[in-house]
Amino acid sequence: MEPLSIKIKISDRIYPMKVRPEDETFVRAASKILTERIKGYQQNLGIQDQQDLLAMVAFDCLVGYLKVQETQETDTTQLHKLMQTMDSWSDRMEQALE
């Protein structure tokens, strides 16, 4: 499919973008979340400098990403352990049936 030309607003600036149609919803949602987080830092911490606000939001997003990544790794490790346990049980059941 042909890319869509859209405009998103970040920190009172308009950015034209070309996105794949299947990504448009995600791009617009990300823009909305970014705007909300910037407003939150402005209100809660009294930060007014746009560069500082963007840096804080980027940092906050990266921390969140790392937490999700760690959780996924933990889940994967637990799943592998469970599969090993099930394999062991299966082997024991096969031996008992022989």
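Taken together, the values in this text are just the output of simple stated rules run on the coordinates, not laboratory data. Since the structure is predicted, the reported quantities are computational estimates derived from the model, not experimental observations. Every residue, glycine as well, gets a Cβ built from its backbone with ideal geometry; the counts of neighbours run over all protein chains shown.
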Q | Peptides 87-98, 6-17 ordered by average Cβ neighbours within 10 Å, highest first | A | 6-17, 87-98
(Q) Between helix 50-97 and the chain, what is the angle of the helix's C-alpha long axis to the longest principal axis, kept within 0 to 90° and rounded to the nearest 10? (A) 10
Q | Computed helical MRE - 222 nm, the chain, DSSP H runs ≥ 4 contributing -39500 (n - 2.57), nearest 500 | A | -26000 deg cm²/dmol
Q. Residue 8's amide H: which non-local residues (gap 5+, or another chain) put their own amide H closer than 5 Å, with H modeled 1.01 Å from N in plane and none for Pro or chain starts?
A. 15, 17
Q) Taking only the alpha-carbon atoms of the chain, what semi-axes of the equivalent ellipsoid follow from 5 times the gyration tensor eigenvalues under a square root, in whole Å, largest first? A) 46, 21, 8
Q. Aspartates and glutamates near residue 7 by alpha-carbon distance under 18 Å, same-chain residues fewer than 8 away left out - which ones?
A. 22, 23, 24, 36
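Ranked highest first by the average count of other Cβ atoms within 10 Å around their residues, in what order do 27-39, 60-72 fall? Don't skip to the end; give the middle numbers.
Values: 27-39: 14.2, 60-72: 10.5.
The packing order, highest mean first, is 27-39, 60-72.
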Q | Rounded to whole Hz, the Karplus (6.51, -1.76, 1.60) HN-Hα couplings of region 33-47, x for glycine and proline | A | 4, 4, 4, 5, 5, 4, 4, x, 5, 4, 6, 7, 10, x, 7
Q: Pull out the extension gain between residue 72 and residue 49, defined as 0.36 nm times the separation in residues minus the alpha carbon to alpha carbon distance; nm, one decimal.
A: 4.8 nm
